[in-house]
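All remarks here apply to the structure that follows.
The values are calculated or read from the model by the stated rules, or taken from the named source; none is laboratory data. Note that the structure is predicted; figures quoted are calculated from it, not measured. Virtual Cβ from ideal backbone geometry, glycine too; neighbours counted across all protein chains shown. In case anyone asks, the SASA skips ligands and DNA or RNA and just uses the protein heavy atoms, side chains included. Shrake-Rupley method; radii C 1.70, N 1.55, O 1.52, S 1.80 Å.
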Amino acid sequence: MSNQVLISPEVLVPRLGEQLVEAGLLTPEQLKQALAYQKQCTAQGKPILLGNAIVELGFLDRPTLDRAVTEQILRLRAALEDANRHLEKRVQQRTAELEEALRKLSELNQLKANFVANVSHELRTPLTHIRGYLELMQTQTLGPLTTDQAKAIEVSLQAASRLQNLIEDLILFSLAARGEMTLTLKTVNLRQILEGIAPHVRAKAENRQITFQEKIAPQVTFVKADQEKIRWVLTHLLDNAIKFTPAGGQVWLDVSKDPASDSIVNILVADTGIGIPPERIQEIFEPFHQLDGSPTRRYGGTGLGLALVREIVEAHSAQINVQSEVNQGTRVSFSLLAAKGDETT
Ligand SMILES: Nc1ncnc2c1ncn2[C@@H]1O[C@H](COP(=O)(O)OP(=O)(O)OP(=O)(O)O)[C@@H](O)[C@H]1O
Ligand SMILES: [Mg+2]
């Protein structure tokens, strides 16, 4: 009996009594009586559906009640289908709006990349002329120089070099942003690259009273990489490590074979500097973003370095990892594929 109560179609229709009154099949008074009867049955431990109460009280016969219930179910289903159609339309609309917003955003990104590419190319040409003439003057091809003039030209050439580096970074960034950065993967001598950059790094570190140490495991020499780009990455990571470490601190570079695989070389650049709050580590890879973006910021730069470092490392199918603790220091690491010395491509 109780099973029958549960599976009756009536349970699908909410507010059945009011619906029957609205349809003119039941008077409000009859509904009141039926509800009272239902309550009474429930109190006696014989729960009953409202429809059954109405039939038992003789207010409606079973076929009329069933027809009313069926009609009501059909009406509800139609309303549900209508709501579904409406919802689907809204979802389609919102999807179209989001697609449009995304299209505009990538168009803007494209414009930004084009702008950076055009401006940096335009800057490169005049700078090449400036450098050319400064070099001619420095070698006294255009006439003898006084000591002061020679000094002024030296300083100007240094400034021009810095400007040129920045322009080259911007060009590389705009290529990466347009997905056009290409790698020339070769077997490169990592030891040689490090020997090439170490003197500059050491000089910069000494200048800031920072100790610089490099450790390259004896088994490591060759890796599969783009020589120029990896040199750039290492220089840049060491540059950051020195820049964000106060005097008296330490910076080190550690190159080792991966303990788990002979074909992987791990590279670590670490410092005992100011560190990065853990929740801001993702931010440091955003282009043109610096953690101290205030007008009074203490450290120079454009905030482009790590964005490019990541592009380059990822183009080598590797991942860049950062571990850092505020006022304790930062460790940046990535891996490269080891290569044998006699491989040439
Ligand atoms: N070793 C580090 N220790 C602490 N903070 C760091 C370190 N390296 C990077 N950061 C933080 O990440 C930010 C982004 O680094 P990124 O190299 O991209 O830019 P930058 O060094 O400020 O400028 P640029 O590299 O263009 O000269 C830095 O401004 C700094 O806030
Ligand atoms: Mg930097």
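Per-structure values
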read-out	value
Candidate set from segment 312-324 (those that are assigned to a helix (DSSP H, G or I) and more than 14 Å from ligand 2 (Cβ to nearest atom)); member that is surrounded by the most Cβ atoms within 10 Å (Cβ to Cβ)	VAL313
Among (1) near ligand 1 (Cβ under 8 Å from one of its atoms); (2) more than 20 Å from the chain's Cα centre (by Cα) - the single one ALA307 does not satisfy	(2)
Count - residues of segment 214-243 that are closer than 19 Å to GLY329 by Cβ and within 15 Å of ligand 1 (Cβ to nearest atom)	9
Residue within segment 149-159 that is part of a helix (DSSP H, G or I), open to solvent by 50 Å² or more (accessible area, probe 1.4 Å) and in contact with a strand residue (DSSP E or B) (Cβ under 9 Å, 6 or more places away or on another chain) present	no
Within segment 192-294, strands (runs of 3 or more DSSP E) holding 2 or more residues that are in contact (Cβ under 8 Å) with a residue 60 or more places away in the chain, surrounded by 12 or more Cβ atoms within 10 Å (Cβ to Cβ) and of a type in the set (A, V, I, L, M)	222-225, 264-271
Condition check for THR141: modelled with pLDDT of 95 or more and loosely packed, with under 15 Cβ neighbours inside 10 Å	no
Neighbours by Cβ (under 7 Å, 6+ apart or cross-chain): first from segment 97-118, surrounded by 10 or more Cβ atoms within 10 Å (Cβ to Cβ); second among the hydroxyl-bearing types (Ser, Thr, Tyr)	ALA113/SER174; VAL116/SER174; ALA117/SER174
Check on LEU306, modelled with pLDDT of 90 or more and more than 16 Å from ligand 2 (Cβ to nearest atom)	no
Long-range neighbours under 6 Å by Cβ, at least six apart or interchain, first residue farther than 17 Å from THR70 by Cβ within segment 7-32, second β-branched (Val, Ile, Thr) and in a helix (DSSP H, G or I)	PRO28/VAL21; LEU31/VAL21
Residues located in segment 172-191, provided they are among the charged types (D, E, K, R) and assigned to a helix (DSSP H, G or I)	ARG191
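Every residue, every condition in (1) in a helix (DSSP H, G or I); (2) surrounded by 10 or more Cβ atoms within 10 Å (Cβ to Cβ); (3) touching a residue at least 12 places away in the same chain (Cβ under 8 Å); (4) among the aliphatic types (A, V, I, L, M), yes or no:
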| position | (1), (2), (3), (4) |
| --- | --- |
| ALA34 | yes, yes, yes, yes |
| CYS41 | yes, yes, yes, no |
| PHE59 | no, yes, yes, no |
| ALA78 | yes, yes, no, yes |
